[in-house]
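One structure coming up, written as structure tokens, with questions to follow.
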Amino acid sequence: MTDFHDKLIAMRRDFHRHPELGFHEARTKSVVADHLRALGLEVHEGVGVVGVLKAGQGNRAIGLRADMDALPIHETSSHDYVSVDAGKMHACGHDGHMTMLLGAAEKLSQDPDFDGTVVFIFQPNEEHGLGAKAMIDEGVLARFPIEEVYAIHNLPGAPEGQISSRTGQICNSESLFEITIHGQGGHASMPQVGVDAITVGAEMVQALQTIVARKLAPGSGAVVSVTEFLTDGQRNVLPGRATLKGDVRARLPEDRKEIERHMRQIATGVALAHGITADVSFVTEFIETINSAGPVEAVYRAGESAGCEVVKNRPPMSFSEDFAHFSDAVPGCFLLLGNGTTGPNSQPLHAADYDFNDALLPIGAAFWVQLVKDRLPARKDRG
Ligand SMILES: [Zn+2]
Ligand SMILES: [Zn+2]
């Protein structure tokens, strides 16, 4: 193991020991900023941290993103770098994502063999889909006009160091909905007097399942899940109010909009059939992540040059990714990096015994360096 790898492992485990939740990444941000400053990068701190590395005279610029937040999960592993903050954990490998990008910043700052600007973007709050948008709202893309943007996410269960991606949609959108049914509560022995919100809600739950089955094309990959059914009823009191909450995933923006349209139609229509009303709130927290062809091809090439196994045109992921806001604004590629097939490295993301694979640290850093050298022109002022 090289000194560089040892240094990255120490860095990753330090992040792992000190997990912080979305928009509370204070320590993490200062550690990232300190590392970048120590490498001589220009550092900008806002809701996230941005490091800027310029070389040569060129105007071209690319952005590389890592996410910084952890999850409210109680870590169950017993290794010597477990979370010191019980109930919080780097269970999605963002500790590793940051470290790979800092490793790349180190290599590129030592040997800036490219002509242009690399913008290292460390975003907060990926898990709730709010951090990328907060950075964009703060002006990160206006201030640092990158032409392309990239992000790596580790993938447990895939072979260590395997790179995979696809052109087009790669991660689903996620929308949260809430349907409030305004019935008329009353005595459980006299249902004819009120309008029982549970009966109406039950009809809605059934009808909502027809959206994907009957309103979208087969194979859409969309999911409509009612996950909560809350009422103000008691054992002997029929509820006047019921609230249905749930989660919607879609691969395409068109499908997401159709789901919302049908959901509103079903909720108001079923309520109307019973002479009552219902309100619908539908909030899209994550938009669909869409990869552009050029950046995807660049990732395949850089992966091969860096000696990684590359899987082209992989199936889309079922999860959602906040990177979607960056790749919606600028052509980009979100790629997966295999985290390994055994032990904690193969446990699912967000599992309490998951762990990022330290073997990926130099692999990810080398991939980032290769991608920068491929995407920015060579230095003219060097031989
Ligand atoms: Zn996650
Ligand atoms: Zn993640």
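The values are calculated or read from the model by the stated rules, or taken from the named source; none is laboratory data. A quick note: this is a predicted structure, and the numbers were derived from the prediction, not measured. All Cβ positions, even for glycine, are placed from backbone atoms using ideal geometry, and neighbour counts span all protein chains on display. Surface accessibility is based on the protein's heavy atoms, side chains included, excluding ligands, DNA and RNA. Shrake-Rupley method; radii C 1.70, N 1.55, O 1.52, S 1.80 Å.
Report in % the part of the accessible area of segment 173-286 that belongs to carbon and sulfur, leaving out ligands and nucleic acids; probe 1.4 Å.
The C+S portion of the solvent-accessible surface of segment 173-286 is 53 percent.
Additional query: Please report the net charge: other residues with Cβ closer than 13 Å to the Cβ of LYS245, K and R +1, D and E -1.
With Lys, Arg at +1 and Asp, Glu at -1, the neighbours total -4.
Give, in whole angstrom and from largest to smallest, the semi-axes √(5λ) of the equivalent ellipsoid of the chain, with λ running over the eigenvalues of the Cα gyration tensor.
45, 22, 18
Can you spot the lysines whose alpha carbon is less than 17 Å from LYS257's alpha carbon? Ignore those fewer than 8 places along the same chain.
Hits, sequence-local ones excluded: LYS215.
Let me ask something additional. Once fully extended, how much extra length lies between ALA10 and THR341, figured as 0.36 nm per residue of separation less the alpha-carbon to alpha-carbon distance?
Between ALA10 and THR341, full extension yields 116.9 nm more.
Counting only heavy atoms of the protein chains, get the accessible area per residue of the chain (1.4 Å probe) and round it to a whole Å² value.
Here the per-residue accessible area is 41 Å².
Then there's this: Can you give the angle from 0 to 90° between the axis of helix 360-375 and the longest principal axis of the chain, with both taken from C-alpha atoms, to the nearest 10?
Between the helix axis and the principal axis of the chain, the angle is about 80 degrees.
Of ARG235, ARG256, ARG166, which has the largest mean-square fluctuation in a 10 Å C-alpha GNM of the chain?
Of ARG235, ARG256, ARG166, the Gaussian network model singles out ARG235 as fluctuating most.
Follow-up. Relative contact order of segment 173-286, please, whole-number percent, based on alpha carbon pairs below 8 angstrom and at least 6 residues apart.
Taking the mean separation of contacting Cα pairs over the length of segment 173-286, I get 43 percent.
Another question, then. Counting only other residues whose beta carbon sits under 14 Å from that of MET204, what net charge do I get with K and R as +1, D and E as -1?
That works out to -2.
Round to the nearest 10 and report in Å² the accessible area of GLU228, as given by a 1.4 Å probe over the protein chains' heavy atoms.
80 Å²
Pop the C-beta distance of GLN192 and ALA86 into the FRET formula with R0 = 41 Å and round what comes out to the nearest 0.05.
The pair GLN192/ALA86 has a calculated efficiency of 0.15.
Also: Quick one: helix 26-38 against the long Cα principal axis of the chain, what's the angle to the nearest 10°, folded into 0 to 90?
Value to nearest ten degrees: 20.
With springs connecting C-alpha atoms under 10 Å apart, model the chain as a Gaussian network and identify which of GLN206, GLN169, GLN234 has the largest mean-square fluctuation.
Residue with maximal mean-square fluctuation among GLN206, GLN169, GLN234: GLN234.
FRET efficiency for THR76 and ASN313, Cβ-Cβ distance as r, R0 = 35 Å, nearest 0.05?
The formula returns an efficiency of 0.45 here.
Moving on to the next point. Specify the angular offset, from 0 to 90 degrees and rounded to the nearest 10, of the alpha carbon long axis of helix 94-110 from the longest principal axis of the alpha carbons in the chain.
30 degrees
Further question on the same structure: Of SER305, SER173, which has the most accessible area and how do the rest follow, probe 1.4 Å?
The ordering from most to least exposed comes out as SER305, SER173.
For the chain, what's the relative contact order in percent, using C-alpha pairs closer than 8 Å and at least 6 residues apart?
Relative contact order for the chain comes out at 25 percent.
Something else now. Could you work out which residue, out of LEU208, LEU36, LEU230, moves most in a Gaussian network model of the chain, that is, has the largest mean-square fluctuation with Cα springs under 10 Å?
Largest GNM mean-square fluctuation: LEU230.
What lysines does LYS107 reach when the alpha-carbon gap must be under 30 Å and sequence neighbours fewer than 8 apart in one chain are set aside?
Here the lysines satisfying the reach criterion relative to LYS107 are LYS7, LYS29, LYS54, LYS133, LYS312, LYS373, LYS380.
Still on this model: Over segment 23-80, what is the relative contact order in percent, taking alpha-carbon pairs closer than 8 angstrom and at least six residues apart?
Rounded, it is 29 percent for segment 23-80.
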